[in-house]
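The values are calculated or read from the model by the stated rules, or taken from the named source; none is laboratory data. Predicted, not measured: the structure shown is a model, and the values here were computed from it. Cβ: placed from backbone, ideal geometry, glycine included. Neighbour counts: every protein chain shown. Accessible surface is based on the protein model in full, side chains and every heavy atom, while ligands, DNA and RNA are left aside. Shrake-Rupley method; radii C 1.70, N 1.55, O 1.52, S 1.80 Å.
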Amino acid sequence: MQTKRRDPFFDNAKFLLMILVVFGHLLQPFIAEAKWSNDLYFTIYTFHMPAFIFISGYFAKSFDYKKGQQICISFQKFILPYIIFQWLYSLFYWLIGTNDSFSFQLHVPNWSLWFLVSSFFWQISLYFFQKVSPKMGITVSVLLSLLVGYLPFIGRELTLQRTVVFLPFFVMGYYLQKESVERFENMKNRQWLMVIFAAIYGLIHWIGPVNKYIFFGSKPYEDFLNFPEWGAMVRIVTLILGCVGILAFFACVPTKEKFYTSCGKYTMVAYLLHGFIVKGVRGISGDVIPLNGLTLVLIFLVSIALTYLLASKAVGEAYAGIEQRLLGTHRKKADK
């Protein structure tokens, strides 16, 4: 049976995005030291997870609500690994002293594990979005994203707030047609779109101190805005920044195979494992290592090396083997 050929454009994109995820997590302890590092950090956060979610939606087209067991398949793909890694991170936080005692609970995901739970809900949402037109689906997803912030009882539990906030990116990716992707890949001078990054950075620098929950999307408006009634307007801005940031990012993604393209297949593995290393490294605070140009370059190089290692074929296949033994799965490693 002939294996379906992977698109190097999206594998390249996922690998580069994973570098930004690791870089952002390593940079976070230093952002209070200088405004430029704070602005850089939030510039990355305007688009890197929206872009990942957009790609997840694009590759969710195989979901068919007419077929049975879709919920079971999504549960096996996202929730079972979530339960295992939630326990492992809980144990790890206790061992490194982040938590005074071992505490295991499932309703609030540890750190970056929210993506697994949200991915499950996004997949299930296709029972609705697969039945409606793209115009209707995108409109509904945006309205939900704007309105959920006004519901104070929806927060970090089961990452429901984040799931709905980022839903438009998943839905837009789901409705995106392959022909549109090919036209974008073949577009001449698309690299000029990268100037959008400078515009986003300039905007964040201009507006001054930014509350991180504006971009994290994990809390209702009243928890992080002085005037929560303006929350929908703030969210519209973040959604627009996410969309143009995604466009700028894709503009700099190579369309041909590179030495790192194969790593794009295992970015979920890197996503799940990198937290153990990053959380350990975070024990070294910015007070010990001052932030300067050399430090920034070093952090970026470490991010590249760590991503390349954790998303390598060797690590990916080893993880897949362990996963199969633990969960009894026979699928290929899920992509992020």
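Restricting the search to segment 17-41, which residues are open to solvent by 10 Å² or more (accessible area, probe 1.4 Å), among the aliphatic types (A, V, I, L, M) and over 12 Å from residue 271 (Cα atoms)? Passing the criteria: 26, 31, 32, 34, 40. Does segment 216-227 contain at least one residue that is assigned to a helix (DSSP H, G or I) and over 25 Å from residue 138 (Cβ atoms)? Checked against the condition, which is being assigned to a helix (DSSP H, G or I) and over 25 Å from residue 138 (Cβ atoms), segment 216-227 yields at least one hit. Residues in segment 1-16 that are touching a helix residue (DSSP H, G or I) at 6+ places or on another chain (Cβ under 8 Å), of a type in the set (A, V, I, L, M, F, W, C) and farther than 20 Å from residue 277 by Cα were compared, and the one that is surrounded by the most Cβ atoms within 10 Å (Cβ to Cβ) is 13. Answer yes or no: is there a residue in segment 97-109 that is among the β-branched types (Val, Ile, Thr) and within 27 Å of residue 300 (Cβ to Cβ). Yes, segment 97-109 contains a residue that is among the β-branched types (Val, Ile, Thr) and within 27 Å of residue 300 (Cβ to Cβ). If you check residue 168 against the conditions, is it part of a loop (DSSP other than H, G, I, E, B) and farther than 23 Å from residue 22 by Cα? No: the conditions fail for residue 168. If only residues of segment 181-211 that are open to solvent by 60 Å² or more (accessible area, probe 1.4 Å) and among the charged types (D, E, K, R) are counted, the one that is modelled with the lowest pLDDT is 188. Of note, residue 139 does not satisfy the criterion of being at negative phi and at pLDDT below 95. Filtering segment 80-89 for residues that are closer than 15 Å to residue 268 by Cβ and within 16 Å of the chain's Cα centre (by Cα) leaves a non-empty set.
The criterion of being within 30 Å of residue 185 (Cα to Cα), at pLDDT 90 or above and of a type outside the set (Lys, Arg) holds for residue 40. Here residue 64 passes the criteria (1) at pLDDT 95 or above; (2) out of contact with any Phe, Trp or Tyr (no Cβ under 9 Å at 6 or more places or on another chain); (3) open to solvent by less than 70 Å² (accessible area, probe 1.4 Å) except the one numbered (1). Exactly one residue out of 272, 294 is at pLDDT 90 or above and crowded, with 19+ Cβ neighbours inside 10 Å, and it is 272.
Checking 267, 255 one by one, the residue that is touching a helix residue (DSSP H, G or I) at 6+ places or on another chain (Cβ under 6 Å), modelled with pLDDT under 95 and either surrounded by 18 or more Cβ atoms within 10 Å (Cβ to Cβ) or not hydrophobic (A, V, I, L, M, F, W, C) (or both) is 255 and no other.
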